[in-house]
Amino acid sequence: MGPIINDYAWSRGGGGHSWSGPAQNALNGIARLFAEFITAAAGSARVCGIIGCVSDEPVAEILLDGLKRVEYRGYDSAGMATISGSRIRVKKGAGRITEIEQKHGLSSMKGNVGMAHTRWATHGGVTDRNAHPHTSCRETVAVIHNGIIENYLELKRGLSKKGHRFKSETDTEIIAHLVEREYLRSNDPLKAVTSAVKKLKGQYAVAVMFQDRPDTIIGARKDAPLLLGVADGKMFIASDILAFIEHTDRTVFLDNHEVVELTKDGYRIFGPKGSQVRRAPTQVAWELSDVSKTDFAHYTLKEIYEQPATVVSASMQDPRKLSEFASSVRKADSLFITASGTSYHAGLLLKFRLNKEAGLRCDVIVSGELREHTGFLRKGSVVIVLSQSGETADVLGAVKEAKARGAKILSIVNAAGSTLARESDIVLLLNCGPEVGVAATKSFTAQAVVVNLVADAVLGKKTNGMKELSEAVRDVLQVEPDVKRLAVKYSQRPDFYFVARGYQSPVALEGALKLKELSYIHAEGMAASELKHGTLALIEKGTPVVVVNPSGEAHAESLSSAEELKARGADVIGVSDQEDAVYAHTIKVPRVQPKFMPIIEVIPLQLLAYHAAVAKKNDPDYPRNLAKSVTVK
Ligand code: F6R
């Protein structure tokens, strides 16, 4: 495999970052490290964290550290269960992990087998009782779960009739009761979980402990990520590799409908028909510093600052795969792009280039809506799917629909082991490393690079200039102090608008999305041409409006929009390589090849959103009500 970009290499040494060496080394370095990882979030409730460990030493502190590592995914409650003295002990509650630790002393729980969980409520409110782990009637079985059990009410009614009493309002608790019932019949943990999960409809990743099997955890998954970590004298089960990366980088990804038995010495995986599946661990090379904040106040800021490297690592694609991807695009009878949120905005960039330059007709459809457009999908159709996590439920739903109609799935994804990557015919990886901040920042930049590689490959062009782009990204980060001043100045405004034309329009949408989710300020992004069709009515004295306006084709028209806005009292903030008197403030950005301008323009907008959040004392890493991976519909 050779790199596409042969003029630049990213290598790591002495704790710092340096540019050097042949590009192939770079593939063996950070890009490969990143390519192998999974940050896939799981889904009990919305985006919960699972970690279980079977060891030959006490596990409580290991589990607590693991929980802290998956904290970034957002949660409202947490808990832990261990087995000691032939009893399952559970400590749990609503609140932050540190509070629960202070109150219950999770880290002093005894036992060499245990599991822990961060919950994001869906079924049942945010209460101590609803936190996981959940236990069965006799408290002989404990369960943690990510996902949603769609038929839980029906199952609960059936179990209640048979005398089961429930302690929580969750869908998860029924799994503990079902497993207990099956275990009483078979006295075999593996069989008990296998038959219990067969009764479940919906999504699940579960880990189950049995009081009288203090050496075993059983796991099972369907449509929610679950993986194993293999260390000496310790085995892990988790929803996210970050949960155990401190202990091992040897990982086994589980597939849908598989059940696994974990002991401290190993694991046995069983497929849907009950036969054993042999799967060796994959080495997931990783560096802990990649998942820590280092000197940055927040992950979000760290990830914004990683973008000079992101553009290079994203550009390192296997040329064969890229040309296969491009040739499938060219040959498609009909072409669709689908994604959600920020990834959708990157999809819009691809659409612009394929439409305008390659003359290919294609539509971009938000994944949650693809179902409404499937009439156009058939054998011969190609669907390009973009996703950072590869676990977004809307995205996976769209893929399912498209596959059912015979379409080919080409994906651009960050998480190599994700469900999307596995469901796709061809995968291009973003190689941008774990994105911990809930708001997508560097993954958008990586997507913007990869979609340009794809568009160039479709056009039969070589992509050049990554070195220059990386340097320009580094330069644009210098605007941070100015952007921070603007963020503070406008942080108390109720509304913000972002406008642009043509290829820059997705940047306006992305700027508005970032500001909304981090600062909680109402923001709208739109094509500048649309202003006069309604939104101008909302402009009053001092309304901040960002106009993304690079020099080029649409520059003059966007300046006219800026004039119109100014005439109605707006404070126009120009994001441009050219200053103009119409702007109340100019965020001056470097000029790069037009196809890469969105990358340069989006970075000040990421910083604007970040600093507005900080000015409003919001936590930019964990915006309220949002999850990193939205794994339920
Ligand atoms: C916004 C954001 C979300 C995600 C969306 C899709 O900052 O992070 O809008 O872009 O939930 O997620 P992925 O790309 O993981 O499918």
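The values are calculated or read from the model by the stated rules, or taken from the named source; none is laboratory data. Note that this is a predicted model, so its numbers are computed, not measured. Virtual Cβ from ideal backbone geometry, glycine too; neighbours counted across all protein chains shown. Quick note on the areas: whole protein, heavy atoms, side chains included, nothing else; ligands and nucleic acids left out. Shrake-Rupley method; radii C 1.70, N 1.55, O 1.52, S 1.80 Å.
When the stretch 45-286 is described by a simple charge dipole with +1 on each Lys and Arg Cβ and -1 on each Asp and Glu Cβ, the residue from A78, G114, P272 located farthest towards its positive end is P272.
For the chain, a simple Cβ point-charge model (Lys and Arg +1, Asp and Glu -1, everything else neutral) yields a dipole of about 1860 debye relative to the Cα centre.
Over the chain, what relative contact order in percent results from Cα pairs under 8 Å that are six or more residues apart? Once divided by the residue count of the chain, the mean separation gives 14 percent. Restricting to the chain, what percent of DSSP beta bridges are antiparallel, rounded to 5? Counting DSSP beta bridges with both partners in the chain, the antiparallel share is about 65 percent. Converting the Cα gyration tensor eigenvalues of the chain into ellipsoid dimensions via √(5λ) gives semi-axes, longest first, of 44, 26, 24 Å.
Protection proxy ranking, highest mean first, for peptides 168-178, 189-199, 357-367: 168-178, 189-199, 357-367, where packing is the per-residue count of other beta-carbon atoms within 10 Å, averaged. Nonpolar atom fraction for the stretch 477-626, defined as the carbon and sulfur part of the 1.4 Å probe accessible area, stands at 50 percent. Here the convex hull built on the C-alpha positions of the stretch 477-626 has a volume of 102 cubic angstrom per residue. Peptides 562-572, 140-150, 459-469, 540-550, ordered by how many other C-beta atoms sit within 10 Å of their residues on average, highest first, read 140-150, 540-550, 562-572, 459-469. Only one residue of N549, F596, A562 has its Cα farthest out toward the positive end of the dipole of the stretch 536-600, where Lys and Arg carry +1 and Asp and Glu -1 on Cβ, and that residue is F596.
For the stretch 45-286, what is the accessible area per residue in Å², given a 1.4 Å probe and the full set of protein chains?
38 Å²
Angle of helix 173-186 to the longest C-alpha principal axis of the chain, folded into 0 to 90 degrees and rounded to 10: 40°. Its Cα gyration tensor gives the stretch 454-501 an equivalent ellipsoid, and the semi-axes of that ellipsoid, as √(5λ) in whole Å with the largest first, are 34, 18, 6. Of the solvent-accessible surface of the stretch 327-447, computed with a 1.4 Å probe and all protein chains present, 47% belongs to carbon and sulfur. Phi-derived couplings, Karplus 6.51 cos²θ - 1.76 cosθ + 1.60 at θ = phi - 60°, listed residue by residue for the stretch 423-429: 7, 9, 7, 9, 10, 10, 8 Hz, with x used for Gly and Pro.
Measuring against 25 Å, Cα to Cα, the residue pairs K331/K462; K293/K595; K264/K302; K516/K588; K302/K514; K331/K467 contain K293/K595; K264/K302; K331/K467 as the ones spanning a longer distance. Between the residues A457, A421, Q478, the greatest Cα displacement towards the positive end of the dipole of the stretch 382-505, with unit charges on the Cβ of Lys, Arg, Asp and Glu, is found for A457.
How much area per residue is accessible in the stretch 477-626 when the probe is 1.4 Å and only protein heavy atoms are counted (Å²)?
Dividing the accessible area of the stretch 477-626 by its residue count gives 39 Å².
Simple point charges give the picture: +1 on the Cβ of Lys and Arg, -1 on the Cβ of Asp and Glu, and for the stretch 292-463 a dipole about the Cα centre of about 600 debye.
Summed over qualifying helices (DSSP H, 4 residues or more, each -39500 (n - 2.57)) and divided by its residue number, the chain shows a 222 nm mean residue ellipticity of -10000 deg cm²/dmol.
Per residue, the stretch 292-463 exposes 32 Å² of accessible surface when a 1.4 Å probe is rolled over the protein heavy atoms with every protein chain present.
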